[in-house]
Amino acid sequence: MPPRTPLPPRRRLPLLVTADGDLLDELLRLAAAGGTEVELAADPAAARARWAPAPLVLVGADQAQACLRARLPRRPRTVLVGRSGRLDPGTEIAELIGAEHVATLPAAEPWLVDRFAECTAGPSRAGTARVVAVLGGRGGAGASVLAGGLAVTAARAGRRTLLVDGDPLGGGLDLVLGWEQLEGLRWPGLADTDGRVDPPSLVRALPSRGDLVVLSWDRGDLLPVPAEAMAATIDAGRRGRDLVVLDLPRHLDDAAVVALQSADRALVVVPAELRATAAAARVVAEAAPHCADLAVIVRGPAPGRLKATEVARALGLPLAGTLRPEPGLCRGLERGEAPAAGGKGPLAALCQRLLDELTGEPTTGAA
């Protein structure tokens, strides 16, 4: 398949959630003073798809109760905004919706201008890491192996990479990498986070080798990932890494929805089989509303000679690539060898090409 021309990174803009025209006019003026454009949403329904990816969310006091009723996930850098004497924001409702700050105009105008200005700053301030999500079209499709291969390939090329295991029932990505003996923070240690995670501190706490750090599960009690913990982790990855790779479950819980909404691209791995394609259609229907760039990876062999293009056409998705059988891969995984660690073979070649397209930079020549 000919290489695709990589798209330039999408600029993520602050999100304003308010139906108060006067308040909106004031916030637009402050955003202009801070040198940034913004996205607008009159209510939580309009804001939902842009809620997690936005670098900053300002919720007008007129929409605070509506956001609470909509159960939008907690996320970092959310500000409740109102005006003194009229729609004066309160700290109690701010805590309920997960807002980190309460800004009352006009007193908070200089502070808000600074927050808007941060969204136009360079990588050290606003974060520019690309985020790619991987889902399996059915159980055992190989999504975790592809996610691990992408992370290993990126790290070998010198990209600071965060690999996030978002599937509580997946068995643990540390096992896929052969890292189960490495000490470091696992998901249960982050389950109670309130959405405030310091990127350098998180990176230092996670199991790591070289440029790759991994947030995975242990083999203890099964715990759900709070959406705010997932949002905080991805935010830390955007600010402290060059690439974030998300391994997500087929059935999307709240945390997986937040992760998918944060992804620049999502890949659905589907074996070249009729039943796998039928199962993947349900996964695609659930995932498509949350990610604008959704594509399929078709994995061989094809016992019924089903073509990759036919699978992609059946799912209504672009074909991002194919993965030929690699007999030595499974044996290596059982011995604790990370996928694509050697930099050779079908998986490594596919991962290199996918990363080239995602980042716009060559991955070949990894050390």
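No value in this document is a laboratory result; all are computed from the given coordinates. Given the structure is predicted, the values throughout are model-derived calculations rather than measurements. No Cβ is skipped: glycine too gets one built from the backbone with ideal geometry, and neighbour counts run over all protein chains shown.
Data overview
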| item | result |
| --- | --- |
| Exposure proxy ranking, count of Cβ atoms within 10 Å, fewest first, for ILE297, ILE97 | ILE97, ILE297 |
| Degrees between helix 143-156 axis and first principal axis of the chain (Cα, 0 to 90, nearest 10) | 80 |
| Amide N of the stretch 320-335 lying under 20 Å from the label point, which is placed 7 angstrom from the Cα of GLN181 along Cα→Cβ | 331-335 |
| Scaled radius of gyration (Cα, divided by 2.2 N^0.38 Å) that the stretch 15-123 gives | 0.95 |
| Principal axis dimensions, largest first and in whole angstrom, of the stretch 230-271 by Cα | 34, 21, 12 |
| Simple Cβ-charge dipole of the stretch 15-123, Lys/Arg +1 and Asp/Glu -1, about Cα centre, in debye nearest 20 | 420 |
| Alpha carbon centroid spacing (whole Å) that separates the stretch 338-359 from the stretch 206-223 | 21 |
| The stretch 217-276 - charge dipole about Cα centre, Lys and Arg +1 at Cβ, Asp and Glu -1, debye rounded to 20 | 200 |
| Ranked LYS307, LYS344, criterion: other C-beta atoms within 10 Å, fewest first | LYS344, LYS307 |
| Once the Cα gyration tensor of the stretch 172-268 is diagonalised, semi-axes √(5λ) in Å | 18, 16, 15 |
| C-alpha long axis of helix 227-240 to longest principal axis of the chain, angle in ° | 80 |
| Ranked packing of 100-107, 228-235, most packed first, by mean Cβ within 10 Å | 228-235, 100-107 |
| DSSP beta bridge pairing in the chain, given as percent antiparallel to the nearest 5 | 5 |
| Relative contact order for the stretch 229-284, counting Cα pairs under 8 Å that sit 6 or more residues apart, in percent | 31 |
| Sequence of SER216, SER201 once ranked by neighbouring C-beta atoms within 10 Å, starting from the fewest | SER201, SER216 |
| Globularity ratio of the stretch 212-367, using Cα Rg and 2.2 N^0.38 Å | 1.10 |
| Whole-number D in µm² s⁻¹ for the stretch 94-192, Kirkwood Cα-pair radius fed into Stokes-Einstein, 20 °C, 1.002 mPa s | 124 |
| Tilt relative to the chain, helix 274-287 - C-alpha long axis, 0 to 90 degrees, to 10 | 10 |
